[in-house]
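Here the structure comes first, spelled out in structure tokens, and everything after it is commentary.
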Amino acid sequence: MAKFLVQNSGPLNGEVYISGSKNAVLPILAASILAEDGCVIDDVPALRDVQVMKGILNSLGAEIDDSREGMLEIRFPDILTNEADYELVGKMRASFLVMGPLLTKTGRAKVHIPGGCSIGARPIDLHLKGFKALGAKVIEKDSYVEAIAPAGGLKGAGIYLDFPSVGATENIMIAASMASGTTYIENAAEEPEIVDLANFLNKMGARIKGAGTDNIKIEGVRTMHPCEHCVIPDRIEAGTFMLAGAITRGELLIHNIVPDHIRPITAKLRECGVMVEMGDEGMYVIADRRPLTSTNIKTLPYPGFPTDIQSPFMAFLTTVKGSSSVIETVFENRFMHVAELNRMGANIRTEGNRALIPGDTDLEGAQVIATDLRAGAAMVLAGLVARGTTEISEIYHIERGYEKFVDKCKGIGATILRIDDQED
Ligand code: EPZ
């Protein structure tokens with residue numbers, strides 16, 4: 001399997017451009033099922049996960065023109081099938097987001113239940129709770145879930161989410177957009193990606209209000225029309241590169257950032273003594289002016305500290321003066337990177353969902369594994385400051401979610417090499 005070789009690279013300096021958001025474009029691609037004619041989606045990042053979603057849409061009947069870089073034109077002349085099989089869904093959990101659009105557009109959807117992954121069981125009970133509330137009959141059988149709308153179609157309802165699940169909010173919002181009547185999603189997820197999806201749906205003719213708050217109102221419409229939409233920048237990629245500047249004590253100018261979307265990351269980096277300032281051209285991250293000190297992190301649903309930045313931030317905390325704690329409240333098993341960082345000498349202890357990170361650590365290069373997408377990025381950050389060389393395997397995780405990652409790292413001075421393997 002392919003690997004990254006990362007050398008101690010000294011302070012990273014220069015400019016980096018953030019791509020369109022993976023976690024915004026995936027639900028938007030799923031929602032494009034609702035419009036017959038050609039939706040045009042711009043700032044689409046070139047990621048494996050986007051390729052998987054395109055494959056799923058093709059299997060459902062989409063005609064996709066991807067001849068222009070970073071842009072997709074998607075037409076659904078007709079829906080060939082409303083079933084998404086294991087082969088497709090098994091590659092990426094977010095594939096489950098086609099369930100809501102297929103159900104509301106065709107009256108039926110049958111999708112393989114997405115498995116868990118290294119960070120948690122990743123249940124779908126809240127998605128199914130929403131579909132049932134909208135009147136669908138939901139059958140879970142042989143690792144598939146099938147939802148069938150009543151004869152008159154889905155009907156609006158009040159739905160309370162026991163947890164502000166991003167995916168459940170997205171799936172239900174899409175399904176409700178063409179239900180008859182009004183739907184309220186209470187305790188909804190408030191992530192920027194929810195707002196971007198709502199904006200896309202409203203451009204197609206939906207009537208959604210309150211996205212970005214914990215209460216979303218959706219008045220169902222009968223038809224949707226094509227639209228053009230530019231995906232928001234990827235706040236998690238932005239946070240990752242902010243941390244690349246911080247951990248190496250460099251100076252970066254990061255383009256294509258929405259400051260509001262990264263407020264918790266900015267606040268925490270400032271607490272550690274990193275200078276983070278929004279200028280006309282982008283976000284300046286300056287970390288070479290003074291000794292950096294520890295802080296404590298607790299991940300929460302947006303607008304709290306993002307769980308997807310937990311592992312890269314933990315890598316950074318191994319290098320600051322003083323000890324820090326990290327509490328992970330969103331996923332039940334998102335400390336898999338701790339063992340990998342400890343292989344590099346981090347000496348992190350975990351107690352339940354709390355990790356205790358001693359600071360002032362001189363990390364040693366080692367052979368480590370990318371245990372999930374964001375943990376993989378954390379290992380690259382650690383490799384940038386560790387003594388010697390760090391060899392990172394299972395890097396397909398990283399390439400699922402970071403566009404042109406090696407090029408962007410090299411562009412700001414990182415010494416990183418991708419080693420292909422024959423079998424890769
Ligand atoms: C989205 O996953 C993101 N993925 C994740 O990013 C992100 O970590 C997560 O939201 C939280 O912000 C995409 O958008 C494609 P959730 P999602 O449903 O929708 C529980 C990355 O690295 N839950 O908000 O799957 C669940 O177990 C990825 O880019 C239920 O209990 O996240 C978890 O503990 C990783 N029942 C919590 O909610 C449900 O029906 C958060 O999950 C659904 C979720």
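The values are calculated or read from the model by the stated rules, or taken from the named source; none is laboratory data. The structure presented is a predicted model; accordingly, all values stated were derived computationally and were not measured. All Cβ positions, glycine included, derive from the backbone under ideal geometry; neighbour counts span all protein chains shown. What goes into the accessible areas is simple: the full protein's heavy atoms, side chains included, and nothing from ligands, DNA or RNA. Shrake-Rupley method; radii C 1.70, N 1.55, O 1.52, S 1.80 Å.
Numerical summary
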| read-out | value |
| --- | --- |
| Within the range 17-76, tally of residues that are closer than 24 Å to Gly239 by Cα, in contact with a strand residue (DSSP E or B) (Cβ under 9 Å, 6 or more places away or on another chain), assigned to a loop (DSSP other than H, G, I, E, B) and not small (Gly, Ala, Ser) | 4 |
| In the range 276-292, the residues that are in contact with an Asp or Glu (Cβ under 9 Å, 6 or more places away or on another chain) and surrounded by 14 or more Cβ atoms within 10 Å (Cβ to Cβ) | Gly282, Met283, Tyr284, Val285, Ile286, Ala287, Asp288 |
| Some residue of the range 384-393 being in a loop (DSSP other than H, G, I, E, B), β-branched (Val, Ile, Thr) and open to solvent by 20 Å² or more (accessible area, probe 1.4 Å) | no |
| Residue, farthest from the chain's Cα centre (by Cα), within the range 372-412, restricted to residues that are away from the ligand (no atom under 14 Å from the Cβ), closer than 18 Å to Arg343 by Cβ and of a type in the set (Val, Ile, Thr) | Thr389 |
| Criterion: open to solvent by less than 10 Å² (accessible area, probe 1.4 Å), touching a helix residue (DSSP H, G or I) at 6+ places or on another chain (Cβ under 6 Å), under 26 Å from Ala151 (Cβ atoms) and more than 11 Å from the ligand (Cβ to nearest atom) - qualifying residue of Val89, Val98 | Val98 |
| Residue list for the range 168-185, restricted to those being over 25 Å from the mean Cα position of the chain (by Cα) and either farther than 12 Å from Gly100 by Cβ or part of a helix (DSSP H, G or I) (or both) | Ser180, Gly181, Thr182 |
| Contacts under 6 angstrom Cβ, first residue in the range 177-205 being on the phi > 0 side of the Ramachandran plot, partner modelled with pLDDT of 95 or more, 6 or more apart | Gly181/Lys155; Gly181/Gly156; Gly181/Gly220; Asn187/Tyr160; Asn187/Leu161; Asn187/Pro164; Asn187/Asp214; Gly205/Val221 |
| Qualifying strands (runs of 3 or more DSSP E) (wholly inside the range 291-367; at least 1 residues being charged (D, E, K, R), without any contact (Cβ under 8 Å) to a residue 60 or more places away in the chain and away from the ligand (no atom under 16 Å from the Cβ)) | 349-351, 354-357 |
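Yes/no per residue for (1) within 16 Å of the ligand (Cβ to nearest atom); (2) over 19 Å from Val40 (Cβ atoms); (3) at pLDDT 95 or above; (4) open to solvent by 20 Å² or more (accessible area, probe 1.4 Å):
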{"site": "Ser180", "(1), (2), (3), (4)": "no, yes, yes, yes"}
{"site": "Tyr184", "(1), (2), (3), (4)": "no, yes, yes, yes"}
{"site": "Glu190", "(1), (2), (3), (4)": "yes, yes, yes, yes"}
{"site": "Ile194", "(1), (2), (3), (4)": "yes, yes, yes, no"}
{"site": "Leu197", "(1), (2), (3), (4)": "yes, no, yes, no"}
{"site": "Phe200", "(1), (2), (3), (4)": "yes, no, yes, no"}
{"site": "Ala211", "(1), (2), (3), (4)": "yes, yes, yes, yes"}
{"site": "Glu219", "(1), (2), (3), (4)": "no, yes, yes, yes"}
{"site": "Thr223", "(1), (2), (3), (4)": "no, no, no, yes"}
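Rundown of residues vs (1) within 11 Å of the ligand (Cβ to nearest atom); (2) open to solvent by less than 20 Å² (accessible area, probe 1.4 Å); (3) under 26 Å from the mean Cα position of the chain (by Cα), yes/no style:
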position	(1), (2), (3)
Gly120	yes, yes, yes
Asp125	yes, no, yes
Lys132	no, no, no
Ala136	no, yes, no
Ile139	no, no, no
Ile148	no, no, no
Leu154	no, yes, no
Tyr160	no, no, yes
Phe163	yes, no, yes
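To keep it simple, each residue is scored yes or no on (1) within 16 Å of the ligand (Cβ to nearest atom); (2) of a type outside the set (Val, Ile, Thr); (3) surrounded by fewer than 22 Cβ atoms within 10 Å (Cβ to Cβ); (4) free of Cβ contacts under 8 Å to residues at least 40 places away in the same chain.
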position: Ala2; (1), (2), (3), (4): no, yes, yes, no
position: Asn8; (1), (2), (3), (4): no, yes, yes, no
position: Glu15; (1), (2), (3), (4): no, yes, yes, no
position: Cys39; (1), (2), (3), (4): no, yes, no, no
position: Val52; (1), (2), (3), (4): yes, no, yes, no
